[in-house]
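Since the structure comes first, as structure tokens, the remarks are kept for the end.
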Amino acid sequence: MVNYLDGVVGEMVDLLKQKMMWNDTLLVVSSDNGGPIYVGGGANNYPLKGGKMTNFQGGVRVNAFVSGGFLPESRRGEVEDGYITLSDWYTTFCALAGVDPTDKKAAAANLPAVDGMDMWPLISGQSSASPRTEFPLNPGLISGDYKILVGDIAQNGFTGPQYPNNTSPEGITAGLECGYAGCLFNIKEDPEERHDLAASMPDKLHEMRGRMEAWDNTLFLPNRGLPDERACEQVIKNGNFYGPWLD
């Protein structure tokens, strides 16, 4: 899949250059989650713990890059480790286009505001620090150097440099029971999440728990309805592609 994506992106870049549009292009490529390491997934997030569908670093810390002629030359080839999350791209693109990112209809309905932040000052080198210092994981939170996880977290294990392999043909099946109080990790000093600091740093754990609950109060989970068989019928009609199915 990644190899195919690489080829398609290359074709797109070639066309943009042929049409003399590359110098005005900002190309952003980002994963939405870590690779799946469960049975049938076939990915590898080494040396991070866990993968897709977990809140371990292997599931939430992903690869991304920015390219294009619009990117300042001083930033090309640089490594940026400031926090950026997917919701920030919407706000960043709005800022670049000179568009207000506020969802006025949502605001009128008393829904929470969008969570994104403008990352262009960071990406372009105008700022040396990300404006984002924390983001929720639902359940859990990353704030500064620390992360709190609560509940039973799946995929509590590590892959090797070569994975999948016959050592673990059923994937990483162990779980970590963090319970209501939570597990605490310093993901800057311990990015592999090997050392739970909850017992040795109870005050920090309490602080993180409070910040997590504050974020939880802004969570918007709309009623998305029940599964609709007409969606599957439309897939068949479209040759295995989803499309609108409601009247």
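The values are calculated or read from the model by the stated rules, or taken from the named source; none is laboratory data. Computed from a prediction, not measured in an experiment: that's the story for all the values here. Quick reminder, even Gly has a Cβ in these numbers, built from the backbone with ideal geometry, and neighbours come from all protein chains shown. We work out accessible area using only protein heavy atoms, side chains counted, and drop any ligands, DNA or RNA first. Shrake-Rupley method; radii C 1.70, N 1.55, O 1.52, S 1.80 Å.
A few notes on this one:
- Straight-distance candidates among the lysines for linking to Lys147, with alpha-carbon spacing under 16 Å and chain neighbours fewer than 8 residues away dropped: Lys49, Lys188, Lys204.
- Accessible area (Å², per residue) of the chain, counting only protein heavy atoms and a probe of 1.4 Å: 65
- A probe of 1.4 angstrom, applied to the heavy atoms of all protein chains, finds Tyr83 with accessible area near 40 square angstrom.
- You can think of it this way: the chain between Lys237 and Ser124 has 36.2 nm of extra reach, that is 0.36 nm per residue less the Cα-Cα gap.
- Using 0.36 nm per residue and subtracting the Cα-Cα separation, the extra length available between Glu192 and Asn3 on full extension is 65.4 nm.
- Theoretical FRET efficiency, 1/(1+(r/R0)^6), r = Cβ-Cβ of Ala113 and Arg230, R0 30 Å, to 0.05: 0.35
- Label-reachable residues, segment 1-30, where backbone N falls under 20 Å from a point 7 Å from Leu96's Cα toward its Cβ: 6, 8-30
- GNM result for the chain, Cα springs below 10 Å: residue of Asn223, Asn55, Asn165 fluctuating most strongly: Asn223
- These residues, Ile84, Ile148, go from largest to smallest accessible area, 1.4 Å probe, as Ile84, Ile148.
- For the chain, a Gaussian network of Cα nodes joined below 10 Å ranks Leu149, Leu226, Leu141 by mean-square fluctuation, and the top entry is Leu226.
- By the helix-only formula, in which each DSSP H run with n ≥ 4 contributes -39500 (n - 2.57) and the sum is divided by residues, the chain has a 222 nm mean residue ellipticity of -8000 deg cm²/dmol.
- Summarising the label geometry, the points placed 7 Å from Cα in the beta-carbon direction at Met12 and Asn138 lie 2.5 nm from one another.
- DSSP-loop GluC sites (Glu not before Pro) across segment 88-190, with at most 16 other Cβ within 10 angstrom: Glu170, Glu189
- Relative to one another, the C-alpha centroids of segment 44-78 and segment 104-148 are positioned 17 Å apart.
- Anisotropy class of segment 70-117 from Cα gyration tensor, a/c 1.5 cut: oblate
- Unit Cα scatterers, Debye sum, the chain: log10 I(q)/I(0) for q = 0.09, 0.11, 0.16 Å⁻¹: -0.53, -0.81, -1.41
- Thr218 sits with roughly 70 Å² accessible to a 1.4 Å probe, with DNA, RNA and ligands left out of the calculation.
- Per DSSP, loop GluC sites (Glu not before Pro) in segment 56-128 with at most 11 further Cβ within 10 Å: Glu78
- The chain: most fluctuating residue of Phe220, Phe93, Phe185 per GNM, C-alpha cutoff 10 Å: Phe220
- Accessible-area composition of segment 72-168, carbon plus sulfur, in percent [1.4 Å probe]: 52
- Loop-located chymotrypsin sites (Phe, Trp or Tyr not before Pro) across segment 1-67 with a Cβ neighbour count of 11 or fewer within 10 Å are lacking, with loop assigned by DSSP.
- Solvent accessible area, Å² - Thr133, 1.4 Å probe, full protein context: 80
- Of the listed residues Met117, Met208, Met53, the order by accessible area with a 1.4 Å probe, largest first, is Met53, Met117, Met208.
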